[in-house]
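The values are calculated or read from the model by the stated rules, or taken from the named source; none is laboratory data. Predicted model, so just to flag it, every value in this text is computed and none were measured. Every residue, glycine among them, receives a Cβ derived from its backbone with ideal geometry; neighbour counts consider all protein chains shown. Keep in mind that these areas ignore ligands, DNA and RNA; they rest on the heavy atoms of the full protein, side chains included. Shrake-Rupley method; radii C 1.70, N 1.55, O 1.52, S 1.80 Å.
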Amino acid sequence: MVYVSQKNELIFPISEKYEEYLIDESKFMGNAESISFPKNEDEIISILKIMKEKNIPITIQGGKTGIVGSAVPLEGHIMNLSYMNNVKEYEILEDGTGTITVESGINLIDLKKEILRIFKEKALFWPPEPTETSATVGGIIATDAKGINAFVYENIQKYIKELRVVRASGIIEVVSKEDFNKVIGKEGITGVISQITLKLIKKPSEIWGISFFFENEEDASNFIDAVRNDVPKSETAFIGAFEYIDKTSLNLIEGRKPTMAKIKELPDIDENFECMCYIEIHGEDEGIEEIAGNLMETAAMYNSDPDTAWAVSGETEIEKTRAFRHAAPETANLFIEEKRREDKRITKLGTDMSIPNISFLDMIKKYRDGLSKYGLNGCIFGHGLENHLHVNILPNSYDEYLKGIELIREWAKYYLENNGQIVCEHGIGKLKKKIFEGMLSEEFINNYKILKKEFDVDMIWNRGNIL
Amino acid sequence: MKIAVFMKQVPAYSEGNMDEKTGVIIRAGLPSIANVYDVVALETALRIKEITNAEITVFTMGPDKAEDVIREAYSMGADKGYLICDKAFAGSDVLATSYTLSQAVSSVDNFDIILCGKQTTDGDTAQVSGAVAEWLGIPHMNWVCEIINVTENEINVKCQLDGRLSVIQTAYPCILSVEKSIFTPRMPSLKLKMSSRKKEISKITLDDLNDKNENNYGLKGSATKVRKIFPPERTAKRDIVIKNGKDGADYILEIFKNTFNSKEENI
Ligand SMILES: Cc1cc2nc3c(=O)[nH]c(=O)nc-3n(C[C@H](O)[C@H](O)[C@H](O)COP(=O)(O)OP(=O)(O)OC[C@H]3O[C@@H](n4cnc5c(N)ncnc54)[C@H](O)[C@@H]3O)c2cc1C
Ligand SMILES: Cc1cc2nc3c(=O)[nH]c(=O)nc-3n(C[C@H](O)[C@H](O)[C@H](O)COP(=O)(O)OP(=O)(O)OC[C@H]3O[C@@H](n4cnc5c(N)ncnc54)[C@H](O)[C@@H]3O)c2cc1C
């Protein structure tokens, strides 16, 4: 049944021009009958009322950059929040930091511009950054997205002062701090985040981005383990990011680089290099140098020539090397998009698991063994110090795609048996729900069921996510 | 062999904000970078150094903060750096900038090659290198897109002139402005970056120059004055056309045909 409001034109029937709203970066494609683009909380409530009367489920959408299909509708109505992207107010605090109140559909690119415009040389920022800058603040909170600086800046809750949510009842709730966790990371199943007051902090006075290159993966893994075992510190600086990128990822990036505006001017990577580690050091210059010197020595011990290591500083240059790291998932997703055009059943197949108790070397060996046992190609990148890698299976056929699911389940089983986590920052959505069918613990599922009961008995919001 | 490279610090980007009264771009809070064309000029010098073992000296004219450009140049492989900085130099236009730069290089050494970027991304006049050539009375090769051959005594280059390529050979000294496409600049190396922090940067003030008459520098020595800087008007919004497969291809073909037809008519 399609319900289309004629008078106020809040709701539009799905037609060819809205096709892009049926898919997200997971490349999983769904279906819907209608779509809306509310411009404020009142419009959210009006649309909700209409849908509730007809018992039509609503899928909430931000920037559609999610990679588990959680913003992809299976049926019913799409509520896309990209028009709710205004700054409502801001405050400059005495300690030099500030807060900014935004509508949830603002994306990171616009948020950064607004922060720069408002706070100027105060140099503030909002730390939760899942590297993909078209992600919206609402989507980031709903998925508890993290990104490369996560282990330094930690919990997203620290950077939220106030959260407003439109509940299924049509009531706008200012969520109490104790209840933030009933919204954060809950993939929109408890309501629409409509407005957020973000706490901004001071940018580090300097950032260095260092890229170490290695001629084999074992050297790189030993380097990572050495750093994990004795993380270099100084009084005025700290390691802010530690990312690993393997050869397949480097090849994918190099192949697409000429068409990627942000990185096309970076020099080509020497073909002899098998992998790289991208490390950021945040803080004061002297402290940064101390840590950089320490890392340089350790890397040299594992055969990374410090003459070949890149080192940049300054926001513009750091953005380039971050864009290079970001190109790893981007190009993996582009590979999947190409395969999906050949076979609509193919979607992204990426892991998001971490395991604290084994060495990086053992972890990567486990991934390599799995890939070769199943005869699959895959690219590997992710967060080195947290033993949290994203292995993206690159299937050439649907048959390989199915094998990939089997392999990911095999890894997940091992992780669960060894105190690992099988979902860290990407969420479960619809894709991981399918892939991990029968593997998520009852307690885990029950927690979501309890939340659904408390906030949305009629299952109006985001039907098909997690539960 | 001695190479001088001129590098300017520019704002990383412009938000198009302008002080309504003074007409000057508001730069507060905007990060600064080395002009991208000048990083390419430095890369060209480094490539020449790989062949001839030349010594590379970087010159930048700007405020104290412009020192960052020299540190960046050190971390890419430059040997020496000079910051040209004096209150007397403030407000320079092309005439005064080029005069100051030529006075500065002459005060340091006899350089075989001076390398400049094709243009800056802020002033954007692309005139400084030609003006320096004129002040120093040396050959000037503009828009160099390829180094064909370089030796201790001469250099042979390809220049991308309007609608044609020109191959030019000259003995030293000479000045070259390079196209961005000539080389992809290398990334700063960690080892050099670490050592660059401690490396000396020399400062050149009015006192160090041959001509010490301050009327020839800065605002006083400038023949032009920028009255207003403003972002260009936005062009009208265009419709988004969505077409599939063959329809899409036909539509694009039609646009091509119209474009080329109208070009032919113009000719
Ligand atoms: C190339 C690439 C790299 C990435 N790298 C990382 C990474 O390093 N770390 C990481 O954590 N993630 C990463 N992501 C994932 C992605 O950016 C995040 O999941 C993002 O937070 C989703 O934001 P969005 O606005 O696009 O949300 P969408 O994809 O539109 O939605 C995601 C979920 O949030 C819900 N939602 C959206 N807005 C609201 C709202 N206002 N109220 C309630 N629910 C809402 C949706 O219903 C859906 O369940 C990457 C993605 C890409 C494409
Ligand atoms: C905001 C702003 C305000 C200005 N206001 C005035 C004004 O009030 N009056 C006025 O007369 N002019 C003004 N100018 C012009 C300014 O003086 C020019 O930018 C300057 O003369 C250099 O010219 P250019 O940047 O166009 O260099 P280009 O000719 O485009 O540069 C070519 C090459 O010359 C070299 N080069 C140029 N400048 C330097 C430098 N400083 N140090 C080292 N190498 C260099 C570089 O290799 C560069 O690639 C203003 C410019 C800006 C951006």
Contact list please: Cβ distance under 7 Å, first residue in segment B:87-108 and at positive phi, second residue of a type in the set (Ser, Thr, Tyr) and surrounded by fewer than 21 Cβ atoms within 10 Å (Cβ to Cβ), pairs at least six apart or on different chains. B:Gly91/B:Ser222
Being among the basic types (Lys, Arg) and surrounded by fewer than 19 Cβ atoms within 10 Å (Cβ to Cβ): is that true of A:Lys452 here? no
Output for segment A:136-179, where each listed residue is in a helix (DSSP H, G or I), touching an Asp or Glu at 6+ places or on another chain (Cβ under 7 Å) and among the β-branched types (Val, Ile, Thr): A:Thr143, A:Ile156
Residue list for segment B:174-195, filter: touching a residue at least 60 places away in the same chain (Cβ under 8 Å) and outside any loop (DSSP other than H, G, I, E, B): B:Cys174, B:Ile175, B:Leu176, B:Ser177, B:Val178, B:Lys180, B:Ile182, B:Ser189, B:Leu192, B:Lys193, B:Ser195
Residue, farthest from the chain's Cα centre (by Cα), within segment A:310-330, restricted to residues that are of a type in the set (Lys, Arg) and open to solvent by 20 Å² or more (accessible area, probe 1.4 Å): A:Lys320
Between a residue in segment B:39-59 that is small (Gly, Ala, Ser) and any residue that is open to solvent by less than 10 Å² (accessible area, probe 1.4 Å) and more than 16 Å from ligand 2 (Cβ to nearest atom), which pairs come within a Cβ distance under 8 Å, given they are 6 or more apart or on different chains? B:Ala45/B:Ala54
Screening A:Asn303, A:Asn333 for residues that are open to solvent by 60 Å² or more (accessible area, probe 1.4 Å) and either among the polar types (S, T, N, Q) or away from ligand 1 (no atom under 16 Å from the Cβ) (or both) leaves only A:Asn303
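Give B:Lys228, B:Lys246 a once-over and let me know the one that is of a type in the set (D, E, K, R) and out of contact with any strand residue (DSSP E or B) (no Cβ under 9 Å at 6 or more places or on another chain).
Only one candidate qualifies: B:Lys246.
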Hey, any hits in segment A:59-74 for a residue that's away from every other protein chain (no Cβ under 14 Å) and away from ligand 1 (no atom under 11 Å from the Cβ)? yes
Does segment A:282-302 contain any residue that is in a strand (DSSP E or B) and over 30 Å from A:Glu20 (Cβ atoms)? yes
Name the residue, out of A:Met84, A:Met51, A:Met79, that is surrounded by fewer than 24 Cβ atoms within 10 Å (Cβ to Cβ) and in contact with a Ser or Thr (Cβ under 9 Å, 6 or more places away or on another chain). A:Met51
Restricting the search to segment A:166-191, which residues are among the hydrophobic types (A, V, I, L, M, F, W, C) and either touching a Phe, Trp or Tyr at 6+ places or on another chain (Cβ under 7 Å) or modelled with pLDDT under 95 (or both)? A:Ala168, A:Ile189
Would you confirm, using the coordinates I've provided, whether A:Gly96 is more than 16 Å from ligand 2 (Cβ to nearest atom), at positive phi, open to solvent by less than 40 Å² (accessible area, probe 1.4 Å) and not assigned by TED's automatic domain parsing to the domain that holds A:Tyr18? yes
The conditions are (1) away from chain B (no Cβ under 12 Å); (2) open to solvent by 10 Å² or more (accessible area, probe 1.4 Å), and A:Gly287 fails exactly one of them. Which is it? (2)
Residue that is farthest from the other protein chains (Cβ to nearest Cβ) [pool: residues in segment B:158-179 that are modelled with pLDDT of 95 or more and within 17 Å of the chain's Cα centre (by Cα)]: B:Cys174
Could you tell me which residue of segment A:194-217 is farthest from the other protein chains (Cβ to nearest Cβ), considering only residues that are aliphatic (A, V, I, L, M) and open to solvent by 10 Å² or more (accessible area, probe 1.4 Å)? A:Ile201
Of the conditions (1) part of a loop (DSSP other than H, G, I, E, B); (2) more than 14 Å from every other protein chain (Cβ to nearest Cβ); (3) free of Cβ contacts under 8 Å to residues at least 60 places away in the same chain; (4) open to solvent by 90 Å² or more (accessible area, probe 1.4 Å), B:Lys198 satisfies every one except a single condition; which number is it? (2)
Return yes or no: is A:Lys373 more than 14 Å from every other protein chain (Cβ to nearest Cβ), more than 27 Å from A:Asn229 (Cβ to Cβ) and touching a helix residue (DSSP H, G or I) at 6+ places or on another chain (Cβ under 7 Å)? no
Please determine whether any residue of segment A:352-359 is among the acidic types (Asp, Glu), surrounded by fewer than 23 Cβ atoms within 10 Å (Cβ to Cβ), more than 12 Å from every other protein chain (Cβ to nearest Cβ) and not in a loop (DSSP other than H, G, I, E, B). no
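Yes/no matrix, rows are residues, columns are (1) of a type in the set (Lys, Arg); (2) in contact with a Leu (Cβ under 7 Å, 6 or more places away or on another chain); (3) at the interface with another protein chain (Cβ under 10 Å from one of its Cβ atoms); (4) under 26 Å from B:Asn35 (Cβ atoms):
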| site | (1), (2), (3), (4) |
| --- | --- |
| A:Gly240 | no, no, no, no |
| A:Arg256 | yes, yes, no, no |
| A:Lys264 | yes, no, yes, yes |
| A:Glu271 | no, no, no, no |
| A:Cys277 | no, no, no, no |
| A:Gly293 | no, no, yes, no |
| A:Met301 | no, no, no, no |
| A:Arg322 | yes, no, no, yes |
Checking A:Thr316 against (1) under 16 Å from A:Thr248 (Cα atoms); (2) within 14 Å of chain B (Cβ to nearest Cβ), the condition it does not meet: (1)
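Without any contact (Cβ under 8 Å) to a residue 24 or more places away in the chain and either within 16 Å of ligand 2 (Cβ to nearest atom) or outside the structural domain of A:Cys424 (by TED's automatic domain parsing) (or both): does that describe A:Glu178? Even if it seems obvious, please write down each step before you answer.
Numbers: without any contact (Cβ under 8 Å) to a residue 24 or more places away in the chain: yes; either within 16 Å of ligand 2 (Cβ to nearest atom) or outside the structural domain of A:Cys424 (by TED's automatic domain parsing) (or both): yes.
Considered against the rule, which asks whether it is without any contact (Cβ under 8 Å) to a residue 24 or more places away in the chain and either within 16 Å of ligand 2 (Cβ to nearest atom) or outside the structural domain of A:Cys424 (by TED's automatic domain parsing) (or both), A:Glu178 comes out as yes.
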